[in-house]
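Undergrad: This structure is in C-alpha cells; I'll ask about it shortly.
Values in this text are rule-based calculations from the coordinates and carry no lab data. Here the structure is a predicted model, which means the values were calculated and not measured. Please note: Cβ atoms are built from the backbone with ideal geometry, for glycine as well, and neighbour counts cover all protein chains shown.
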Amino acid sequence: MKRIIPPDMVQILKKEFSGLSDEVNIKLITRKGENDKFSEFAVGLMREINEISPLIRVEYLDENSDEAEVRKDILSPILLISPEKYRIEFFGTPMGEEGRSLISAIVMASLGKGMLKDSSVSRLSELDKEREVLVFVSPTCPYCPQQVIYAVSAAIERPERISVKVVEIYEQRALAEQYHVGSVPQTVINGNITSIGSQPEEAFIDSLFSGAPVEMKLPEAKDEVIKRDILVIGAGPAGLTAAIYAERAGLRTVVLEKGNIGGQVALTPVVENYPGYTRIPGKTLMDMMAQQALQYTEISQGEEVVDIAKKADVFEVKTTSSRYEVRGVIIATGAKHRKLGVPGEERLFGRGVSYCATCDGYFFKDGKKVIMVGGGNSAVTEALYLESIGVDVTLVHRRDTLRAEKRLRDNLMERKIPVLLNTVVEEIIGKEMVKGVRLKDLKEDRIYTMDIDGVFIAIGYEPVNEVAKKLGLELDSDGYIKVDERQRTSMPGVYAAGDVTGGIKQIVTAVGQGSVAALTAFEDLTSPYWKGKGDMF
C-alpha cells in the first residue's frame with residue numbers, strides 16, 4: 001500500500017517529534033458515507049504519524065461515539081488534539097499546507113506552550129472572557145498556517161478561555177457558507193468575522209480581546225534597542241537574497257516581513273522559468289530560499305515598520321514590536337495586486353472576489369464557475385492552475401491579444417479554457433457572495449451579465465512604497481522607487497531591490513538586484529560614497 005508521508009518527510013518529522021515531552025492524545029472521528037475519501041486519507045495519515053513517535057496516540061472513533069454525537073452537525077473527518085487538556089479541533093483533513101498546522105499543533109500540545117511572543121502571552125493572561133475562534137483554511141493557502149498557529153497557541157496558553165476550530169472550507173462548505181467565506185484565511189471570533197487574510201500577531205491578540213476587527217496600534221517605547229548593520233524590509237526573493245549576501249559580506253542583518261515569507265512568488269502555483277528548475281511550485285522555491293537565509297540571518301515574520309527616520313549616521317526604526325538602530329536599509333517590499341476599481345469589488349472581497357488563486361481556488365474546485373481577469377503571465381498561470389483543480393474558469397482580458405508568454409498561451413488553448421478578449425468588468429454582482437458580473441464587450445459596445453461564483457483578479461501590481469514615502473525617497477510617476485545601477489536610492493544608506501523598483505518583475509531580476517544591493521551596501525558602509533560627493537540624482 002502506498003504510504004502518504006514520503007520517506008524524506010518521515011525523517012523530518014522524526015526530528016521534529018524528538019523534542020516532544022508529554023503524550024499527545026488525538027481523537028479522529030469519521031462517519032461512513034460522509035466525506036469517505038477524505039476520512040480514509042485522514043485515517044491513513046494519522047496511522048503513519050502515530051508510528052513516528054511513541055508519544056503520539058490516536059484513537060479512532062465512529063458515528064456511535066459520544067464525541068461524534070456532540071458534533072453531529074459537522075462533517076467528518078474531525079480531529080481533536082489532546083481534548084483532555086485543550087479545546088483544539090480540526091474540521092476536515094489536514095492536507096497540504098494544513099499538514100504543517102497539524103504538526104505544529106501536536107508539538108505545542110506536547111510542550112504545553114504556544115509559539116507566541118512573551119508580550120502576547122502576558123497580555124493573554126488578562127483575558128477574562130470566553131473566546132471561540134474559527135479559522136477557515138484551505139490546503140493550498142500558504143498564509144493559513146501562520147494564522148492557525150496564532151490561534152492554537154492562544155488556546156494552549158489559555159485553555160480555560162479559548163477554544164479553536166480549524167475549518168477546511170471545501171470539506172465544510174456549509175459552515176464556510178454560513179460565514180460567507182470566499183477567501184482564506186478568514187478568522188471568526190464568537191461569531192464575528194474579525195479578519196479576512198493573515199494578521200500580525202499583535203492584531204490577532206487584540207482581536208481576541210475586542211472580538212471584532214482591530215487596527216494596528218503603535219508599539220510602546222522599549223528601553224532595548226536592537227542594533228544591526230543592515231535592516232532588510234521584505235522577505236521575498238530580493239530581500240532574502242540581500243540578507244544572504246549582506247551576512248556573507250560580514251554585515252549583521254535582520255529581515256522584517258509583515259506578511260508571508262516568499263512574497264508573491266509563494267502564491268505562484270508553478271514556476272517554470274527559474275534556472276535550475278524545469279518546474280517547481282513557487283512556495284517550494286521560496287521555502288528553500290528562506291531556509292538558506294535562516295542559516296545566516298534572523299527573519300522576523302509578522303513585524304511591520306511603523307516609523308523610520310535617519311538620525312546622523314544611523315536609521316532609527318520603530319516596528320509593531322521592536323525598535324532598531326541600523327547603519328543601512330534595503331527596501332524589498334515588493335508590489336501588491338492592482339484592483340479593478342469597479343462596484344462590488346471591495347464589498348465582496350473575501351466573498352468570491354480574490355487576488356490569490358492558490359489560496360482560494362480550492363473552494364471552487366468542484367466545477368464552480370469563475371472568471372480570471374487579466375492577460376499577462378500571472379493571469380494565465382493562475383487560470384491554468386484553476387482549471388487543473390477542477391474549476392470552470394474563463395479568462396477575461398481588456399485587449400485584443402494576451403500579453404502572456406507563448407508557451408502559456410499555447411497551454412491555454414490546449415486546455416480549451418475560454419477567453420473573452422476586448423472585454424472589461426463593469427460591476428461585480430452579489431449580496432453576500434459573488435453571484436455574477438456585468439461585462440462590457442468593447443468591440444461590440446455591448447453590456448451583458450454572466451452568472452458566476454467567483455472573480456479572480458490578476459491585472460498587474462502597484463508598489464508597496466509606504467517605507468519609501470516615510471523616508472522621502474524619490475519615486476517615479478507610478479510610485480516605484482528610483483534606483484541607480486547599484487540599487488542606491490536618493491538617500492545615502494538606503495537601497496531598494498525587486499518589484500518595488502519597477503521594471504521587469506521576475507524572480508531572477510529580484511534575486512540579482514538583492515545581491516547587488518547587499519554588496520553595494522557593504523562597499524558604501526566601508527567607504528561612504530556620499531561624503532563630499534553630492535547627491536546621486
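Undergrad: Around Val342, with a cut-off of 10 angstrom between Cβ atoms, what is the net charge of the other residues, counting Lys and Arg +1 and Asp and Glu -1?
TA: Working: positive: Lys339, Arg438; negative: Glu345, Glu346, Glu426, Glu427.
Net charge in that neighbourhood comes out at -2.
Undergrad: Can you give me the long-range amide H partners of Gln186? Hydrogens built in the peptide plane at 1.01 Å from N, cutoff under 5 Å, separation of 5 or more residues or another chain.
TA: Those qualifying (amide H under 5 Å, at least 5 residues apart or on another chain) are Phe136, Gly197.
Undergrad: Considering the Cα positions of segment 7-210, please state its Rg to one decimal place and its Dmax as a whole number of Å.
TA: 16.0, 46
Undergrad: Right, here's the next one. What does the charge dipole of the chain about its Cα centre add up to, to the nearest 20 debye, if the Cβ of each Lys and Arg holds +1 and the Cβ of each Asp and Glu holds -1? Don't jump to the answer; show the numbers that get you there.
TA: On the way: 68 positive and 79 negative charges, 215 e Å.
Computed about the Cα centre, the dipole is about 1040 debye.
Undergrad: Same structure, new question: Assign unit charges at the C-beta atoms only (+1 for Lys and Arg, -1 for Asp and Glu), then state the dipole size of segment 7-210 relative to its Cα centre in Debye, rounded to the nearest 20. Show your work: numbers first, answer last.
TA: Numbers: 22 positive and 33 negative charges, 47 e Å.
The dipole of segment 7-210 has a size of about 220 debye.
Undergrad: Label points 7 Å out from Cα along the Cβ direction at Val270 and Lys336: separation in nm?
TA: In this crude label model, Val270 to Lys336 measures out at 3.1 nm.
Undergrad: Now for a different question. Could you give each residue of segment 101-117 its phi-based ³J(HN,Hα) in whole Hz, using Karplus coefficients 6.51, -1.76, 1.60 with θ = phi - 60°, and x for Gly or Pro?
TA: Once θ is set to phi - 60°, the couplings for segment 101-117 become 4, 4, 4, 4, 5, 4, 4, 5, 5, 5, 7, x, 8, x, 10, 8, 5 Hz.
Undergrad: Report the one residue of Gly191, Ser119, Met95 whose Cα lies farthest in the direction of the positive end of the charge dipole of segment 7-210 (charges on C-beta: Lys and Arg +1, Asp and Glu -1; origin at the Cα centre).
TA: Value computed over the given set: Ser119.
Undergrad: Is it possible to state the helix-based mean residue ellipticity at 222 nm for the chain, with each DSSP H run of 4+ residues giving -39500 (n - 2.57), the sum divided by total residues, to the nearest 500 deg cm²/dmol? What is it?
TA: Working: 15 runs with 161 residues, N = 537.
After summing the helix terms and dividing by the residues of the chain, the value is -9000 deg cm²/dmol.
Undergrad: For the chain, what's the relative contact order in percent, using C-alpha pairs closer than 8 Å and at least 6 residues apart?
TA: Taking the mean separation of contacting Cα pairs over the length of the chain, I get 11 percent.
Undergrad: I'd like to compare 260-269, 477-486, 106-115: which one has the highest average count of other Cβ atoms within 10 Å, and what's the full order after that?
TA: Values: 260-269: 23.7, 477-486: 15.4, 106-115: 19.4.
My ranking of the peptides, most packed first, is 260-269, 106-115, 477-486.
Undergrad: Could you check the spin-label model distance between Asn422 and Glu132? Points 7 Å from the Cα along Cα→Cβ, value in nm.
TA: Between Asn422 and Glu132, the simple spin-label model gives 5.5 nm.
Undergrad: Related question: How do Tyr324, Tyr277, Tyr179, Tyr362 line up, fewest other C-beta atoms within 10 Å first?
TA: On the way: Tyr324 21, Tyr277 13, Tyr179 17, Tyr362 24.
Result, fewest neighbours first: Tyr277, Tyr179, Tyr324, Tyr362.
Undergrad: Taking amide H positions as placed in the peptide plane 1.01 Å from N, state which residues far from Gly479 in sequence (5 or more) or on other chains have amide H under 5 Å from it.
TA: Here nothing satisfies the definition.
Undergrad: So for the pair Ser18, Glu325, with labels modelled 7 Å out along Cα→Cβ, what separation do we get in nm?
TA: Spacing of the two 7 Å Cα→Cβ label points: 4.0 nm.
Undergrad: Can you run the Rg to Rh ratio on segment 353-457? Use alpha carbon positions and the Kirkwood inverse-distance Rh.
TA: Values: Rg = 12.9 Å, Rh = 13.6 Å.
That ratio is 0.95, to two decimals.
Undergrad: Can you check what the net charge comes to around Ala379, using other residues whose Cβ is under 13 Å from the Cβ of Ala379 (Lys, Arg +1; Asp, Glu -1)? Mind showing how you got there, number by number?
TA: Working: positive: Arg338, Arg398, Arg399, Arg403, Arg409; negative: Glu382, Glu387, Glu405.
It works out to a net charge of +2.
Undergrad: Across segment 482-489, in residue order, what do the Karplus-derived ³J(HN,Hα) couplings come to in whole Hz, using 6.51 cos²θ - 1.76 cosθ + 1.60 with θ = phi - 60° and x for Gly and Pro?
TA: Result, rounded to whole Hz: 6, 9, 8, 5, 9, 6, 7, 8.
Undergrad: Ok, one more. Scaled to the compact-protein estimate 2.2 N^0.38 Å, what is the alpha-carbon radius of gyration of segment 113-228, rounded to two decimal places?
TA: Numbers: Rg = 14.7 Å, N = 116, 2.2 N^0.38 = 13.4 Å.
The value comes to 1.10.
Undergrad: So what is the relative contact order of segment 321-472, in percent, for Cα pairs below 8 Å that sit 6 or more residues apart? Before the final figure, lay out each step's value.
TA: Numbers: 290 pairs, mean separation 48.8, N = 152.
It rounds to 32 percent for segment 321-472.
Undergrad: Just for the chain, what percent of DSSP beta bridges are antiparallel, to the closest 5? Each step should come with its number before you reach the end.
TA: Details: 44 of 93 bridges.
Percentage antiparallel, nearest 5: 45.
Undergrad: Quick check on packing: order 341-354, 301-314 by the mean number of other C-beta atoms within 10 Å, highest mean leading.
TA: 341-354, 301-314
Undergrad: In which sequence would Cys144, Cys356 go, from the one with the fewest C-beta neighbours within 10 Å to the one with the most?
TA: Working: Cys144 28, Cys356 22.
Starting with the residue having the fewest Cβ neighbours, the order is Cys356, Cys144.
Undergrad: Read phi for every residue in segment 41-53 and hand back ³J(HN,Hα) as whole Hz from Karplus 6.51 cos²θ - 1.76 cosθ + 1.60, θ = phi - 60°, with x for Gly and Pro.
TA: Result, rounded to whole Hz: 4, 4, 4, x, 4, 5, 5, 6, 5, 4, 6, 6, 9.
Undergrad: Separate question: Using alpha carbon centroids, what distance separates segment 19-60 and segment 465-489, in Å?
TA: 51
Undergrad: Averaging sequence separations of C-alpha pairs under 8 Å and six or more residues apart, then dividing by the length of segment 7-210, give the relative contact order as a whole percent. Mind showing how you got there, number by number?
TA: Working: 368 pairs, mean separation 40.3, N = 204.
With pairs under 8 Å counted, the relative contact order is 20 percent.
Undergrad: Sticking with this structure for a sec: Taking the highest mean first, how do the peptides 492-501, 413-422 order by number of other beta carbon atoms within 10 angstrom per residue?
TA: So the order, starting with the most tightly packed, is 492-501, 413-422.
Undergrad: Take the chain, drop everything but the C-alpha atoms, weight them equally and run the Debye formula without solvent; then report log10 I(q)/I(0) at 0.06, 0.12 Å⁻¹ to two decimals.
TA: Debye output, listed in q order: -0.31, -1.24.
Undergrad: Another one. Over segment 353-457, what is the percentage of antiparallel beta bridges among all DSSP beta bridges, to the nearest 5?
TA: On the way: 12 of 25 bridges.
Of all bridge pairs located within segment 353-457, approximately 50 percent are antiparallel.
Undergrad: In the chain, if the dipole is taken from +1 on Lys/Arg beta carbons and -1 on Asp/Glu beta carbons about the Cα centre, which of Val107, Ala203, Asn260 is farthest to the positive end?
TA: Toward the positive end, the furthest listed residue is Asn260.
Undergrad: Right, another one. Please work out the Cα center distance from segment 440-454 to segment 250-292, rounded to the nearest Å.
TA: Spelled out, the Cα-based centre of one part sits 37 Å from the other.
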